[in-house]
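Read through the structure below, which is laid out as structure tokens, and then see the notes.
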Amino acid sequence: MGKSIDNIFFCSFATNRNNCKTIHNKLNTNMLKVKIFLGLTIFAIVAASCSRKAEYIKYSGPTQGTMFNITYCSDTNYNAEIDSLLQAFCRSLSNYDSTSLISRINRNETDSLDALAEEFFRVSKEVWANTDGYFDVTVAPIVNAWGFGWKRHETHIPDSIEIDSLLQHIGMDKLEIANGKIVKHDPDIQIITNAIAQGMSVDYVSDFLKSKGITNFLVEIGGEIYCSGINAKGEKWNIGVDKPIEGSGYDYRENQIVIHMSDMAVNTSGNYRKFIEEGGKKFGHSINPTTGYPAENEMISATVVYPDCIRADAYATAFMVMGAEKAMEIVESIDGMEAYFIIHENGETKTMESKGFSIYE
């Protein structure tokens, strides 16, 4: 800036050399004062910012029968607020809390919805419609009958009579939301939140962090993830997609691939960890709501990348039920969605990915 001012000055006042020299000396003195002032101001700003330097805070704990792992860059610790948010979420939508709103709705003790429950039903119905019913949160009675829900009992294989009886009470078309209330056209309708709640809670915490002006963070709850900005190394976040190893759990995992992303959510659903076995046959936990039986297709795991985690979670669940070909058609029809499938076909494990998925590899 000083150089450009000097150049303009000499061009403008070259006609009077003495006046020019006097004015130039005064200007140099003033410019020196300005530079000293600016230097002190910048130093003060830098010193202040260093004293309040934001750090990457890591916070983990139990929630919804699983674990959460949250990393965020901030000069303020929001761990207590995060705890409160997760507790509030469970009070609304946890099937495992007998006093929660969704538990009371299932027992027909109330029909009133809070904001979280309204959002849950709105998105659930949207995905149900977009997947031809392969995603259906009213499948709760059948999921419980197979032993994959919140009602704990000895594992058994329900017979066709039991399944047919329960199927009469399944279907998102049997309920609607009106004026902040749920209307059940069948009082025996029950709701399971597992297939969408963890992804929804990821968005819930992420929205809170954004509201505090935090731009660099990662929220992971039970494997469902949303990441924003950059990590502590100044890079996009690195997310491992699990290799489908039977018997692997939260503490024992291997990566199939590692993807690099920012400002997106990712969810992986699979049948290789949660299943029951009888007579040498394995039954995965992905229940087909149209048949009442665990899905039998080539899908081993479905990874979905999308701008929000609630839909990434819901669609990954539906894709496991419907199979790879139909699932990929839906992926390619939805703006912003990409997917990576691991399938078992003709005795061989293979992978499929959507056209745009490579940008994350």
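The values are calculated or read from the model by the stated rules, or taken from the named source; none is laboratory data. If you're wondering where the values come from, they're calculated on a predicted model, not measured in any experiment. Virtual Cβ from ideal backbone geometry, glycine too; neighbours counted across all protein chains shown.
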### Query
Out of region 240-268, which residues are modelled with pLDDT of 95 or more and not in a strand (DSSP E or B)?
S262, D263
### Message
Let me confirm something: among N69, N77, which residue is touching a Lys or Arg at 6+ places or on another chain (Cβ under 9 Å) and farther than 18 Å from A140 by Cα?
### Response
N69
### Query
Cβ-Cβ below 7 Å, separation at least six or inter-chain, first residue in region 347-361 and closer than 16 Å to V258 by Cα, second of a type in the set (S, T, Y) and outside any helix (DSSP H, G or I): which pairs?
T351/Y340; E353/Y340; F357/Y340
## Note on the structure
Subset of region 71-107, residues among the β-branched types (V, I, T), free of Cβ contacts under 8 Å to residues at least 40 places away in the same chain and part of a helix (DSSP H, G or I), comes to none
### Checklist (1) modelled with pLDDT of 95 or more; (2) in contact with a Lys or Arg (Cβ under 9 Å, 6 or more places away or on another chain); (3) over 19 Å from G65 (Cα atoms) applied to G171, failing item
(2)
### Task
Select from region 307-334 the residues that are among the charged types (D, E, K, R) and either closer than 20 Å to E224 by Cα or buried (at least 24 other Cβ atoms within 10 Å of the Cβ) (or both) and list them in ascending order.
D308, R311, D313
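Okay, residues lined up against (1) in a strand (DSSP E or B); (2) of a type outside the set (A, V, I, L, M, F, W, C):
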{"residue": "P158", "(1), (2)": "no, yes"}
{"residue": "A195", "(1), (2)": "no, no"}
{"residue": "M200", "(1), (2)": "no, no"}
{"residue": "L209", "(1), (2)": "no, no"}
{"residue": "T215", "(1), (2)": "no, yes"}
{"residue": "I230", "(1), (2)": "no, no"}
{"residue": "K233", "(1), (2)": "no, yes"}
{"residue": "N238", "(1), (2)": "yes, yes"}
### Task
Would you be able to say whether some residue in region 142-150 is loosely packed, with under 14 Cβ neighbours inside 10 Å, touching a helix residue (DSSP H, G or I) at 6+ places or on another chain (Cβ under 9 Å) and either assigned to a helix (DSSP H, G or I) or assigned by TED's automatic domain parsing to the domain that holds Y315 (or both)?
no
### Query
Give me the pairs: first residue in region 310-338 and over 14 Å from D132 (Cα atoms) and among the β-branched types (V, I, T), second residue in a helix (DSSP H, G or I) and at pLDDT 95 or above, beta-carbon distance under 7 Å, and six or more apart or on different chains, which are they?
I310/V123; I310/G199; I310/M200; I310/D203
